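Q: For reference, the structure I am asking about is given below.
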Amino acid sequence: MHPELQKTIDGIKTSNREIFFQILLVFIVPVGLIATGVLPIEHRVSILSLAFIGLAAVLFFFDGWTLRMFGLHLKETKRYARAYFAFTIIMILIVVLFSEQVLHLEEIQRWWTHRHFIYLFFIVSLVQEVAYRGYLMPALGKLSKNIPMVLFANALIFTFLHIIFPNPMIGLPLAFTGGMGFAIMYLYYPSLPLVVLSHAALNFCVVLYGFFVIPGATY
């Protein structure tokens, strides 16, 4: 584990019980309500964004979190850029080869006309990385000193977010693989700007091939 991430974990003042309830109320309950149809799936981005923003407000104003604790620092960004670039290229190549050679998928037609590929892919990636890596990685590190368990739990909770999408037999393993990759990268290279950019590039690619798309919904 990177010393910067360990420093963040050591600086968390929230009790383990409070962290558990934060994770339950923000990462589990809203997704479950969307998956069961209690909350409308077409408003998933707004609902989950509000939940994550609400958590961030609590962390800033009541729990003493700082931007640096979320991984928002530029000092090491240049030094980590090469690792993130290599990771992103490898992941994109895997997605492209799997989509085209194994599943024989084609790119979404006229993708440049859809709002997801214009701006939404970045917003979604930003919000998810602030929540799942910026907050959840240190929070899980506070709950457990077992690094493999932290990585597994982070990837599993990230995968749970994707149960609302069709084709779970393909989508969930894909989400778990990506979530585990992001978690490992953040463990050793804790840079929120770089993990957001990496996630945005990968998100663009997977949605381009039709993964994590709600039928009948706009992208």
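Q: Run down PHE61, PHE21 and say which single residue is under 21 Å from the mean Cα position of the chain (by Cα), more than 14 Å from ILE164 (Cβ to Cβ) and without any contact (Cβ under 8 Å) to a residue 24 or more places away in the chain.
A: Exactly one residue qualifies, and that residue is PHE21.
Q: Out of the residues in the range 158-175 that are among the β-branched types (Val, Ile, Thr) and either without any contact (Cβ under 8 Å) to a residue 12 or more places away in the chain or surrounded by fewer than 19 Cβ atoms within 10 Å (Cβ to Cβ) (or both), state the one that is nearest to ILE19 (Cα to Cα).
A: Across the range 158-175, the extreme among qualifying residues is ILE163.
Q: Now for a different question. Go through the residues of the range 61-69 one by one and say whether even a single one is assigned to a helix (DSSP H, G or I), closer than 16 Å to GLU129 by Cα and among the hydrophobic types (A, V, I, L, M, F, W, C).
A: yes
Q: Is it the case, given these coordinates, that GLY178 is crowded, with 20+ Cβ neighbours inside 10 Å and of a type outside the set (S, T, N, Q)?
A: yes
Q: Given the conditions (1) farther than 14 Å from SER198 by Cα; (2) more than 16 Å from the chain's Cα centre (by Cα), which single one is not true for LEU151?
A: That leaves (2) as the condition not met.
Q: Please go through the range 7-39 and pick out each residue that is under 13 Å from LEU140 (Cβ atoms) and surrounded by 14 or more Cβ atoms within 10 Å (Cβ to Cβ).
A: Hits for the range 7-39 are THR8, ILE9, ILE12, THR14, ILE19, GLN22, ILE23, PHE27.
Read-outs throughout are calculated quantities, based only on the coordinates presented, and are distinct from any laboratory measurement. Computed from a prediction, not measured in an experiment: that's the story for all the values here. Glycine also receives a Cβ, built like all others from the backbone with ideal geometry; neighbour counts cover every protein chain displayed.
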